[in-house]
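See structure below.
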Amino acid sequence: MFEGITKGLEGALSLFRGQGKLTEGNVQDALRAVTQALLEADVNYTVAQDFTERVSQAAIGMQVLKSLDPFQQFVGIVHQELINLMGPVDHSLHLRRGELVVLMLCGLQGSGKTTTCGKLARMLQESQWRPMLVAADMQRPAAIDQLKIIGEQLGVPVYSEAPPGNAVKVCQNGVAAARKAGNIDVVILDTAGRLHIDAELMQELEQIDLKLSPQQILLVCDAMTGQDAVNSAKAFNEALELNGVILTKLDGDARGGAALSVKAVTGVPIKFIGVGEQLDKLEPFHPDRMAGRILGMGDVLTLVEKAQKEFDAEQMALQQEKMLAGKFTLVDFKEQMGQIKKLGPIKQIMKMIPGMGKVADMMGGDADPEQDLQQIEGIINSMTPEERENPDVIDMGRRRRIASGSGTDPSDVNKLLKEFSMMSGMMQQMAGMSKLNQMRQIKQMADGGLFDPGARLQMQKQGTSRGPVDRRAEQEKKKRQRKEAKKQRKKNRR
């Protein structure tokens, strides 16, 4: 997501590294690079010019802070201006208990509007609201069938009429059906789209707006169309007075021009973003978090929210107890991998962790963490229950059998068992420790590189396979040697 603009801004900001202070000269050099990065990311030209002008005024007009170097100072200014550019955002749909609320979704054909209706319905369900979907796209019969399938998947009622029909009447009848049912809180109207904006489309949408007075009108835009998404948002807003934009396919958008331009050009905030095809892949849009991602700062809050939503808290607590008791098995290891996979692609997860974005980039396009996890899972699945609980029984013959069953090489099985043995040994060492000593041990493990993939990558480049345990053992050995030398010096003085 946004790889192009992230790299462009990193290049611009790097011009400050090693500089003693902010000056008009080095600020202007960086701003030219920032402008270029924005334009290459398909950001609207006027938006890019206004953005760099605000950054310039803030940077040149700011009193240089002694505690910050120019790089930190300029990054802080760009970060804040990115937040201002994309926000503020009100995620509320202004729903009220005991009152039927009508939401109208509109957009061009192919923007993902019908799927987004389903995603929005699922989000409302999770917040204990009872939605109904109305299939009002009479131009595309497949859209009606698609909405019915989505409704079945979610257990959400769908109101539809056989085409051809009048979209305004369908919407009115759908709302009337929701009122009659008495157990519906929110009606979501899936209106017609076109391949381009035309008078007929806009007239139909204006009539629906006039007759039903929906509380919220949300435009669904395809982020990957860049400035076309911005232009369509502007046209729809002039006709309908939008309350918000839902930007779809953001997970596949390497440029980011639409996300950075929509609010500035239309004045309409991005309320939600689609980050995948599945019905649970709709998230509230947070300008501050997105600014952090764009600048390579990560997005820990979103990652924590994902973990709280996806992880089985009881299972994780049980696994933690087993780890600290030194009873962690390959079965538990596999279950933990399953939890991690729920969060999404590993590289995307890494980019949400501050400092890990570059590590993900260092892995290169050929690296496939998901495939590595599948391979590990395949190896564990090819073991017998006894082998998973007690890997020590796995001899060379068993390793060959496991490798054959999982479609891997015996060396891959050896590697997994060795790494698991290292981790298991650490857990057993920690089992009898106090909480304080456990924390110290975790810090030593981190210092030794266990939680630093970058260090491991560097070791591999240097042609060594030493792991964190080996280095920790060396540190302990040197510590003992220093103690022995100190004792010897004392004896000699006597």
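What is the sum of charges around N231, taking Lys and Arg as +1, Asp and Glu as -1, for the other residues whose C-beta is under 13 Å from the C-beta of N231?
It works out to a net charge of -3.
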Exercise for review: Quick one: what are the phi-derived ³J(HN,Hα) couplings along segment 52-60, Karplus 6.51/-1.76/1.60 with θ = phi - 60°, whole Hz, x for glycine and proline?
Suggested key: 5, 5, 5, 5, 4, 4, 5, 6, 6
Exercise for review: List, largest first, the extents of the alpha carbons of segment 47-184 along their principal axes, each in whole Å.
Suggested key: 68, 33, 24
Revision key, fill the gap. With the dipole of segment 192-269 defined by +1 on each Lys or Arg Cβ and -1 on each Asp or Glu Cβ, the option from L260, L242, M202 whose Cα lies farthest towards the positive pole is L260
Exercise for review: Based on other C-beta atoms within 10 Å, arrange H91, H286 from fewest to most.
Suggested key: H91, H286
Check your understanding: Ordered by residue, what ³J(HN,Hα) values in Hz, to whole numbers, does segment 36-42 give under the Karplus form 6.51 cos²θ - 1.76 cosθ + 1.60, where θ = phi - 60° and Gly and Pro are x?
Key -> 4, 4, 5, 5, 5, 7, 6
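Using a Förster distance of 56 angstrom, determine the FRET efficiency expected from the C-beta separation of A142 and E419, and round it to 0.05. Don't jump to the answer; show the numbers that get you there.
Values: r = 49 Å, r/R0 = 0.88.
Computed FRET efficiency for A142 and E419: 0.70.
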Review point. If each of N183 and K7 carries a label point 7 Å out from its Cα toward its Cβ, how far apart are those two points in nm?
Key: 5.4 nm
Practice item. Using label points projected 7 Å from each Cα along Cα→Cβ, tell me how many nm separate D50 and A199, to one decimal. Key: 3.1 nm
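Find out how many positive minus negative residues lie around T114, taking Lys and Arg as positive, Asp and Glu as negative, among other residues whose Cβ is under 15 Å from that of T114. Intermediate values should be presented prior to the final figure.
Details: positive: K113, K119, R122, R140, K148, R194, K249, K281; negative: D137, D145, E152, D190, D222, E277.
Charge balance near T114 sits at +2.
Between L95 and S404, what is 0.36 nm times their sequence separation minus the Cα-Cα distance? Round to one decimal in nm.
105.6 nm
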Review point. If we count other beta carbons within 10 Å of each Cβ, what is the order of C221, C171, fewest first?
Key: C171, C221
Review point. Could you state the number of Å between the C-alpha centres of segment 253-283 and segment 155-176?
Key: 28 Å
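Which links in K180/K271; K148/K169; K334/K418; K7/K113 stretch past 21 Å when you go from one Cα to the other?
Numbers: K180/K271 30 Å; K148/K169 19 Å; K334/K418 16 Å; K7/K113 31 Å.
Cα-Cα > 21 Å for K180/K271; K7/K113; rest within.
No value in this document is a laboratory result; all are computed from the given coordinates. What you are looking at is a predicted structure, and each value in this text was computed from that prediction instead of being measured. With ideal geometry, Cβ positions are generated from the backbone for all residues, glycine too; neighbour counts draw on all protein chains shown.
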